[in-house]
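Asks: First, the structure itself, so that you have it in front of you.
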Amino acid sequence: MRKLVSIFKNKEIVNRIFFTIMVLFVIRIGAAITVPGVSVSSELSDLMNSGNSLAIMDLLGGGALSNFSIFALGVSPYITAQIIVQLLSKDVLPALTELSKQGEYGRKKREMATRYLTLLLGAVQAYGIIQMMQNSNYISLTLAADFWTYAYLIIVMVAGAMLTMWLGDQITEKGLGNGISVIIFAGCVRSLPTQITTAWDKWILGNVAHGSSEMVSGVFMFALYILALLFIVGFVVFIELSRRKIPVQHAGKGGQNQPMSRASFLPIKINSAGVIPVIFAASIMSAPAIIAGFISSDAAQSEWLNIFNYNSTFTMPWFDGSHWEMNWGLFIYLALIILFTFFYAKMSIDPEKLADNFQKNGSYIPGIRPGKETERYVSKVLNRVTFIGAIALCFIAALPIVLVWANAFDGDNSLAIGGTGLIIIVGVAIEINNQIDGLLAGKSFEEAREGI
């Protein structure tokens, strides 16, 4: 309560909260406006609840794809462009690698390259989605199906994607949290009230007329569902806040030029990559369906696309002539999460650079020699800690899929708990809370300095 009062007393935080809410309000309005010239089938909203690649895109678009709105692309092209630029910056494209070493100037140049690539990918992605949905009869055009109509639709969708990206940047600069993550967060949060209401209707209201024993059973199931949801949220919070502290000694000078050592810690988060691996993995999983949409309606509905659908099985021929059904989509999805978790952990904590900075500043890890030995030790600890974080992310992401397979909710898949959305919700909420704490601490410091 005291923190809440402090927040509302802080004018800067209140302004940032208000600005973020207003931007999200604009995005929700845009998500409700269907692209002009397009008629949307009622089957499209049902498709978004099926957990396929388009449902992943709907998640990245904050729920805008289910209406085929002007913001249907969401931040997906920007995320894909970020992946490409960051991969090319890892000693693949010399120009980008050099820019990554040039500090703030290099960061701005790489961001500009990302935006240009977003524009290109947005146009390609928009055309792919239009073709795929039109071939699958999820949308129909109310205008003549000629070149200029497609060009018009692509321009509208790309403009919506660029506006979404710009609004995300404005949230980052003037609001709370990382703008892109907050936009996705808003799309994930919107389903929580519906999910809880559905559970209430299913287990409480649905058993009112079936006698006292059914009512008691329904109340128990609803209470168990809420407790399980809280447990999963608590587990995600625990993973997000857990750290491995490496003790560090800093050599310095005390009084009378006597050597003095100060102890501190190097904290390594179990999930140092945050929600980025989940978002990137979801973005990659949606790409094959979009590419198939370029080819034909048969390609867009091909069985091989089930390889990238983690709610469907894909049948493969076996060497003895039999067939083997397996959910390859889930394995690919989890493998991508693990890959991006390690990739971003290495980007956020570079053991070689860290060891070099320790040596320059006179810092060292007790019992570990400076230089290469420090680099190897930090790398080993980082890999072990990141492995735990990657497995935890995979568990949370796979939980709703496993529950649906087990038919834990009597066919009502919308009640599945855990998953990508929950990881994003908790991760972004913690990030916003940390930013608020930082702003409050800065305000307290300024007040203390003025008092002096």
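The values are calculated or read from the model by the stated rules, or taken from the named source; none is laboratory data. Computed from a predicted structure; not experimentally measured. Using ideal geometry, Cβ is built from the backbone for each residue, glycine included, and neighbour counts are taken over all protein chains shown. Note: areas computed on protein heavy atoms with side chains; ligands, DNA, RNA excluded. Shrake-Rupley method; radii C 1.70, N 1.55, O 1.52, S 1.80 Å.
Asks: For residue 122, which of the numbered conditions (1) part of a helix (DSSP H, G or I); (2) surrounded by fewer than 19 Cβ atoms within 10 Å (Cβ to Cβ); (3) out of contact with any Gly (no Cβ under 8 Å at 6 or more places or on another chain) fails to hold?
Replies: (2)
Asks: Would you please name the residue that is surrounded by the fewest Cβ atoms within 10 Å (Cβ to Cβ), looking only at residues in the range 203-217 that are at pLDDT 80 or above and among the β-branched types (Val, Ile, Thr)?
Replies: Here the answer is 216.
Asks: Take residue 222 and tell me if it is over 20 Å from the mean Cα position of the chain (by Cα), modelled with pLDDT under 90 and among the aromatic types (Phe, Trp, Tyr). So that I can check it myself, show each step before the final result.
Replies: Working: over 20 Å from the mean Cα position of the chain (by Cα): yes; modelled with pLDDT under 90: yes; among the aromatic types (Phe, Trp, Tyr): yes.
Answer is yes for this residue.
Asks: Just one of (1) at pLDDT below 85; (2) part of a loop (DSSP other than H, G, I, E, B); (3) surrounded by 12 or more Cβ atoms within 10 Å (Cβ to Cβ) trips up residue 283, so point out which.
Replies: Of the numbered conditions (1) at pLDDT below 85; (2) part of a loop (DSSP other than H, G, I, E, B); (3) surrounded by 12 or more Cβ atoms within 10 Å (Cβ to Cβ), the odd one out for residue 283 is (2).
Asks: Restricting attention to the range 358-376, which residues are touching a strand residue (DSSP E or B) at 6+ places or on another chain (Cβ under 8 Å) and part of a helix (DSSP H, G or I)? Talk me through it step by step, then tell me what you get.
Replies: Keep residues of the range 358-376 that are touching a strand residue (DSSP E or B) at 6+ places or on another chain (Cβ under 8 Å), which gives 358, 361-366, 370, 374.
Scanning the range 358-376 gives 358, 361, 374.
Asks: So if I check each of 416, 398, which one is among the small types (Gly, Ala, Ser), touching a residue at least 60 places away in the same chain (Cβ under 8 Å) and open to solvent by less than 40 Å² (accessible area, probe 1.4 Å)? Step through it out loud before you land on a result.
Replies: Working: 416 fails: touching a residue at least 60 places away in the same chain (Cβ under 8 Å).
Unique residue meeting the criteria: 398.
Asks: Still on this structure, I have one more. Please go through the range 125-146 and pick out each residue that is of a type outside the set (Val, Ile, Thr), open to solvent by 40 Å² or more (accessible area, probe 1.4 Å) and assigned to a loop (DSSP other than H, G, I, E, B).
Replies: Keep residues of the range 125-146 that are of a type outside the set (Val, Ile, Thr), which gives 125-128, 131-138, 140-141, 143-146.
From the residues that got through so far, the ones that are open to solvent by 40 Å² or more (accessible area, probe 1.4 Å) too are 127, 134-135, 137-138, 140, 143-146.
Residues satisfying the conditions are 137, 138, 143, 144, 145, 146.
Asks: Residue check: is residue 160 touching a Gly at 6+ places or on another chain (Cβ under 8 Å) and at pLDDT 90 or above? Before you say what the answer is, go through the steps one by one.
Replies: On the way: touching a Gly at 6+ places or on another chain (Cβ under 8 Å): yes; at pLDDT 90 or above: yes.
Spelling it out, residue 160 is indeed touching a Gly at 6+ places or on another chain (Cβ under 8 Å) and at pLDDT 90 or above.
Asks: For the range 89-131, what are the residues that are aromatic (Phe, Trp, Tyr) and in contact (Cβ under 8 Å) with a residue 12 or more places away in the chain? Please lay out each step first, then the result.
Replies: Filtering the range 89-131 for residues aromatic (Phe, Trp, Tyr) gives 105, 116, 127.
127, the sole residue that qualifies.
Asks: On the given criteria, is residue 178 closer than 30 Å to residue 41 by Cβ, open to solvent by 50 Å² or more (accessible area, probe 1.4 Å) and modelled with pLDDT under 90? Break it down stepwise before answering.
Replies: On the way: closer than 30 Å to residue 41 by Cβ: no; open to solvent by 50 Å² or more (accessible area, probe 1.4 Å): yes; modelled with pLDDT under 90: yes.
Taking the combined requirement at face value, the residue does not satisfy it.
Asks: On to the next question. Which pairs turn up if I take residues in the range 161-179 that are more than 13 Å from residue 435 (Cα to Cα) and look for partners that are crowded, with 17+ Cβ neighbours inside 10 Å and aromatic (Phe, Trp, Tyr) with beta carbon separation below 6 Å, at least 6 apart in sequence or on another chain?
Replies: So the pair list comes out as 164/71; 165/78.
Asks: Considering only the range 360-395, state which residues are in contact with a helix residue (DSSP H, G or I) (Cβ under 7 Å, 6 or more places away or on another chain), of a type in the set (Gly, Ala, Ser) and buried (at least 17 other Cβ atoms within 10 Å of the Cβ).
Replies: To start, the set of residues in the range 360-395 that are in contact with a helix residue (DSSP H, G or I) (Cβ under 7 Å, 6 or more places away or on another chain) comprises 364-365, 368, 370-371, 374-375, 378-379, 382, 386, 389-390, 392-394.
Next, from what is left, pick out any that are of a type in the set (Gly, Ala, Ser): 371, 379, 389-390, 392.
Scanning the range 360-395 gives 379, 389, 390, 392.
Asks: Only residues that are out of contact with any helix residue (DSSP H, G or I) (no Cβ under 7 Å at 6 or more places or on another chain) and either more than 19 Å from residue 200 (Cα to Cα) or outside any helix (DSSP H, G or I) (or both): list them for the range 401-430, please. Steps first, please.
Replies: Looking only at the range 401-430, we keep the residues that are out of contact with any helix residue (DSSP H, G or I) (no Cβ under 7 Å at 6 or more places or on another chain), and these are 402-403, 405-408, 410-411, 429.
Passing the criteria: 402, 405, 406, 407, 408, 410, 411, 429.
Asks: Okay, moving on. For the range 192-202, name all the residues that are open to solvent by 60 Å² or more (accessible area, probe 1.4 Å) and closer than 23 Å to residue 71 by Cα.
Replies: 193, 194
Asks: Spot the failing condition for residue 149; the list is (1) over 16 Å from residue 73 (Cα atoms); (2) exposed (fewer than 15 other Cβ atoms within 10 Å of the Cβ), and only one is missed.
Replies: (2)
Asks: Right, something else. Please enumerate the residues belonging to the range 175-225 that are small (Gly, Ala, Ser) and assigned to a loop (DSSP other than H, G, I, E, B). Spell out how you get there, then give the answer.
Replies: Looking only at the range 175-225, we keep the residues that are small (Gly, Ala, Ser), and these are 175, 177, 179, 181, 186-187, 191, 199, 206, 209, 211-213, 217-218, 223.
If the condition is that a residue be small (Gly, Ala, Ser) and assigned to a loop (DSSP other than H, G, I, E, B), then 175, 177, 211 are the ones that fit.
Asks: Charged (D, E, K, R) and within 20 Å of residue 198 (Cα to Cα): which single residue out of 410, 437 fits that description?
Replies: Details: 437 fails: within 20 Å of residue 198 (Cα to Cα).
Exactly one of 410, 437 is charged (D, E, K, R) and within 20 Å of residue 198 (Cα to Cα), namely 410.
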